[in-house]
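Comments concern the structure below.
The values are calculated or read from the model by the stated rules, or taken from the named source; none is laboratory data. As the structure is a prediction and not an experimental result, all values here were calculated from the model. Glycine gets a Cβ as well: all are built from the backbone with ideal geometry, and neighbour counts include every protein chain shown. Just so you know, the surface numbers come from the protein's heavy atoms only, side chains and all, with ligands and any DNA or RNA stripped out. Shrake-Rupley method; radii C 1.70, N 1.55, O 1.52, S 1.80 Å.
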Amino acid sequence: MPHFSYRDGEFCAEAVSLKTIAQRFGTPTYVYSKAALIDNFSAYAQACRQHARGADAALVCYSVKSNSNLAVLSLLASQGSGFDIVSGGELLRVIAAGGDPRKVIFSGVGKSREEMRLALEHDILCFNVESIPELHRLNEVAAGVGKKAPVSLRVNPNVDAKTHPYISTGLKENKFGVAYEDTLSTYQVAASLENLHVVGIDCHIGSQLLDDAPLLEALDKVIELVDQLEALGIPLHHLDIGGGLGITYDEEQPVAVGDYLGRLFARINAWRDGKHQGKPIKVLFEPGRSIVGNAGVLVTEVQYLKHGASKNFAIVDAAMNDLMRPAMYEAWHGVKQVTQRAEEARIYDVVGPVCESGDWLARSRSLAIESGDLLAIMSAGAYGMTMASNYNTRGRAAEVMVDGDQLHLVRKRENPADLFALESLLP
Ligand code: LLP
């Protein structure tokens, strides 16, 4: 993980020791590197500048669900990012962070009327619609506010993303998108509705993809549809290929962003020069994990060590409510000792205080630790804090952004009174 390294035996984010952060803000705490976020976003921005035809020919819409902290959003907005949202709440976050609603695309299978109205009032770039009933609802809501809603259809290209079944979305049996064979007829419905304006096409086949072959296969299928739609008198202005690029958690070697985008634009540009007859089309991306995943860690303190006959446990103060990924997907996250010790290491399961056997963060790790030591759970920037809950009435962790030798508290730790503030006793 670039920008996270040992300096004088202490594990640091940029130039700040995680020990300093823990002393100042307590644990568990999510720590993000500003430089890592900028580098990861720039990989997309630079590849778009290099390969996309025309200054306005590509837009990176960061997927807010992966990490929605306002400081993260405002930093990415300052770098020119657009945003991919899945709720009205995420739209309000983008606006509060200074993001431009006209660079927002709204994904998701279950948009409510209120969410549609809010998005229309803010003139978002596009609704990624996933079904015919949703088209009708959006048409009705748009009529109510006197606007035409810009729409793309999310197509399910029936491509196997070869990733964890819970984060694979592009197969026939998934709940997402319009079935490939129904695409043209669904577009005809969209085009016939008075308060909709058909502007694009969208797909997203899954997450944590290490290879770009399935993404390029999906692209080819989408391009074919663009040509067929054009022949039916439905020209499109943009093509949205979704997010999904994976990161290194352990030993994975995901395709580099620049290489993937190079191959993708090579296909798009060849198609534009050939079959598409030189007509412009804007390309949108919805990356989340590949921007924030390796820009954040979760710092936690060892509470107790339990040495057993068959297993040793390191009980830490972070739990499944803070980082859900291991419990939910059996996800592997690296564990680093914030301070290295000379003592002999033992094999530990790193577990939290929550009353569930599924409450573990890492299994069978070799660590030389004592009670009171700090650990960094690695690659926790994406789908960490955003999936956190208050289970066991545990306040959610603090969040800190490091910028060189500066640190900024970007979310205070929740305290228990915050957690039941919205509840009331019976009269
Ligand atoms: N666009 C859409 C429509 C999505 O559903 C997603 C993620 C993205 C973009 C961003 O995908 P990314 O670039 O981050 O792969 N909680 C799971 C991941 C769920 C992904 C949901 N959709 C995890 O922790 O692995």
### Flag for Ser33 being within 30 Å of Ser112 (Cα to Cα) and in contact (Cβ under 8 Å) with a residue 12 or more places away in the chain
no
### Query
Can you name every residue in segment 59-74 that is open to solvent by 30 Å² or more (accessible area, probe 1.4 Å) and near the ligand (Cβ under 9 Å from one of its atoms)?
Lys65
### Task
Kindly list, by first and then second residue, each pair from a residue in segment 205-224 that is open to solvent by 50 Å² or more (accessible area, probe 1.4 Å) to a residue that is among the small types (Gly, Ala, Ser), limited to pairs with Cβ atoms under 8 Å and residues at least 6 apart or on different chains.
Leu210/Gly246
### Message
If Asp56 satisfies all but one of (1) at pLDDT 95 or above; (2) surrounded by fewer than 19 Cβ atoms within 10 Å (Cβ to Cβ); (3) of a type in the set (D, E, K, R), what's the number of the condition it fails?
### Response
(1)
### Query
Of all residues in segment 75-107, which are open to solvent by 10 Å² or more (accessible area, probe 1.4 Å), acidic (Asp, Glu) and within 16 Å of the ligand (Cβ to nearest atom)?
Glu90
### Message
Considering only segment 291-305, I want to know if a residue exists there that is out of contact with any strand residue (DSSP E or B) (no Cβ under 8 Å at 6 or more places or on another chain) and surrounded by fewer than 24 Cβ atoms within 10 Å (Cβ to Cβ).
### Response
no
### Task
Only one of these is closer than 23 Å to Asn158 by Cβ and crowded, with 16+ Cβ neighbours inside 10 Å: Leu239, Leu261, Leu193. Name it.
Leu239
### Query
Can you name the condition, by its number, that Gly9 falls short on among (1) under 30 Å from Val109 (Cβ atoms); (2) surrounded by fewer than 19 Cβ atoms within 10 Å (Cβ to Cβ); (3) of a type outside the set (Ser, Thr, Tyr)?
(1)
### Task
Could you grab me the full set of residues in segment 318-348 that are of a type outside the set (A, V, I, L, M), at pLDDT 95 or above and assigned to a loop (DSSP other than H, G, I, E, B)?
Asn321, Asp322, Glu330, Trp332, His333, Gly334
### Query
Does Asn294 qualify as being under 30 Å from Cys61 (Cβ atoms), in a loop (DSSP other than H, G, I, E, B) and not aliphatic (A, V, I, L, M)?
no
### Task
Could you identify the single residue in Phe25, Phe41 that is in contact (Cβ under 8 Å) with a residue 24 or more places away in the chain, open to solvent by 20 Å² or more (accessible area, probe 1.4 Å) and closer than 25 Å to Ala376 by Cα?
Phe25
### Message
Looking only at residues that are hydroxyl-bearing (Ser, Thr, Tyr) and within 25 Å of the chain's Cα centre (by Cα) in segment 348-402, which one is nearest to Leu18 (Cα to Cα)?
### Response
Ser379
### Message
Where the second residue is modelled with pLDDT under 95 and outside any strand (DSSP E or B) and the first is surrounded by 16 or more Cβ atoms within 10 Å (Cβ to Cβ) and charged (D, E, K, R) and lies in segment 326-340, which pairs have Cβ atoms under 9 Å and are six or more apart or on separate chains?
### Response
none
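Residue-wise test of (1) under 11 Å from Val338 (Cβ atoms); (2) in contact with a Cys (Cβ under 9 Å, 6 or more places away or on another chain); (3) not in a loop (DSSP other than H, G, I, E, B).
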{"site": "Pro2", "(1), (2), (3)": "no, no, no"}
{"site": "Ser5", "(1), (2), (3)": "no, yes, yes"}
{"site": "Cys12", "(1), (2), (3)": "yes, no, yes"}
{"site": "Ile21", "(1), (2), (3)": "yes, no, yes"}
{"site": "Arg24", "(1), (2), (3)": "no, no, yes"}
{"site": "Tyr32", "(1), (2), (3)": "no, no, yes"}
{"site": "Asn40", "(1), (2), (3)": "no, no, yes"}
{"site": "Ala43", "(1), (2), (3)": "no, no, yes"}
{"site": "Gln46", "(1), (2), (3)": "no, no, yes"}
### Message
Show the residue pairs meeting these rules: Cβ distance below 7 Å; 6+ apart or different chains; first residue within segment 99-116 and in the same structural domain as Ile132 (by TED's automatic domain parsing); second residue open to solvent by less than 30 Å² (accessible area, probe 1.4 Å) and among the acidic types (Asp, Glu).
### Response
Ile105/Asp84; Ile105/Asp240; Ser107/Asp84; Val109/Glu130; Lys111/Glu134
### Query
Is it fair to say Val292 is within 25 Å of Glu252 (Cα to Cα), within 14 Å of the ligand (Cβ to nearest atom) and hydrophobic (A, V, I, L, M, F, W, C)?
yes
